[in-house]
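Written below as structure tokens is the structure these notes are about.
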Amino acid sequence: MKLFQFLVRLAKFLAGLALIPACHGATLAFGRDLLGEIASQTWFVAGMAAFVLLFAVFQQPIRTYVFGHELTHAIWMLLFQGKVTAFSASAKGGKVEGTKGNFLIALSPYFFPVYTILLIAVYLLGKLFWEPGRFTGAFVFLIGFTWAFHAVLTVSVLLKGQAEVKRNGYLFSAAVIYLMNMAVLGLILTFICPAFSLADLAEAFRSCIAESYGRFLDAAGSFMGSF
């Protein structure tokens, strides 16, 4: 059993190493293609700034974060066709128990902005009954606010150390969390910015990640050739 656990941790460490160029590529895509589009979304940026200001002035919304954290575990457990057998959340902490477990379920609260996703779901559901176009600015503001809530609180709790991250390996967890956050932010951008499509997002990540791996392989080849 200990040998199996060691091999799993080794495999995750190697996977984390292999994902480093992908993280670099995602950063390139963010700087080249996403950042300018995000900056052009005034309501989104205003929502983010509003939360950062509130976070700086008032106490951290721990109970709200803990509930969202555990709710995300439960949602992802259900997505993997598991059953949630216990759920609790309070200012002192929370817990979710169920019949499924994997690294995506464990790390999901750190890359899945549950309140942002729920807000978008409400907006899309509302469009089935009325045309909420006149509320678009307010919704985009709230999307920015909830995204900042996710990003700021995620960084805050990760800096304090989290059992799920330690259990899955720091390097592997960091790579998965970073890449998934970049992907989710890109998907949110395609929702709030009609001019930026899923095809644009896919091409931005594909080209930049391919470029990053190309540079990595060239550097590795040069290094090996020096011997």
Working from the alpha-carbon coordinates of the range 42-193, get Rg over Rh, Rh being the Kirkwood radius.
-> 0.98
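Give me the percent of Cα-Cα pairs in the range 1-88 that sit more than 21 Å apart, rounded to a whole number.
Working: 2607 of 3828 pairs.
Value for the range 1-88 (Cα pairs over 21 Å): 68 percent.
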Taking only Cα atoms and a 10 Å spring cutoff, compute GNM fluctuations for the chain and point out the largest among LEU159, LEU171, LEU198.
-> LEU159
Calculated from backbone phi, Karplus (6.51, -1.76, 1.60) coupling profile of the range 40-56 in Hz, x at Gly/Pro | 7, 8, 4, 5, 5, 5, 4, x, 4, 4, 4, 5, 4, 5, 5, 5, 6
Cα to Cα, under 30 Å, and not fewer than 8 places away if on the same chain: which lysines meet these conditions relative to LYS166?
-> LYS2, LYS12, LYS83, LYS92, LYS95, LYS100
How big is the gap, in Å, between the Cα center of the range 171-227 and the Cα center of the range 59-82?
-> 27 Å
All-pairs alpha carbon distance profile, the range 147-218, 5 Å steps from 0, percent = 3, 13, 17, 19, 16, 15, 12, 3, 0
Can you work out ³J(HN,Hα) from phi for every residue in the range 22-28, in order, using Karplus 6.51 cos²θ - 1.76 cosθ + 1.60 and θ = phi - 60°, giving whole Hz and x for Gly and Pro?
-> 5, 4, 5, x, 4, 5, 4
Gaussian network model of the chain, springs between alpha carbon atoms under 10 Å - residue of VAL45, VAL66, VAL57 with greatest fluctuation = VAL57
Net charge contributed by nearby residues that have their C-beta within less than 15 Å of TYR110 (K/R +1, D/E -1) = +1
Which residue, ASN102, ASN168, ASN181, has the most motion in a Gaussian network model of the chain that connects Cα atoms within less than 10 Å?
-> ASN102
Cα convex hull volume per residue for the range 176-227, in Å³, equals 65 Å³
Which ³J(HN,Hα) values in Hz, rounded to whole numbers, follow from the phi angles of the range 10-18 under the Karplus curve 6.51 cos²θ - 1.76 cosθ + 1.60, where θ = phi - 60° and Gly and Pro get x?
-> 5, 4, 5, 5, 5, 5, x, 4, 5
Ratio Rg/Rh [Cα only; Rh per Kirkwood] for the range 96-147 = 1.15
Nearest-20 debye value, the chain charge dipole, Cβ charges on Lys, Arg, Asp, Glu | 860 debye
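Bear in mind these aren't lab numbers, they're just calculated from the coordinates by the rules spelled out. These numbers come from a predicted model, not from an experiment. Using ideal geometry, Cβ is built from the backbone for each residue, glycine included, and neighbour counts are taken over all protein chains shown.
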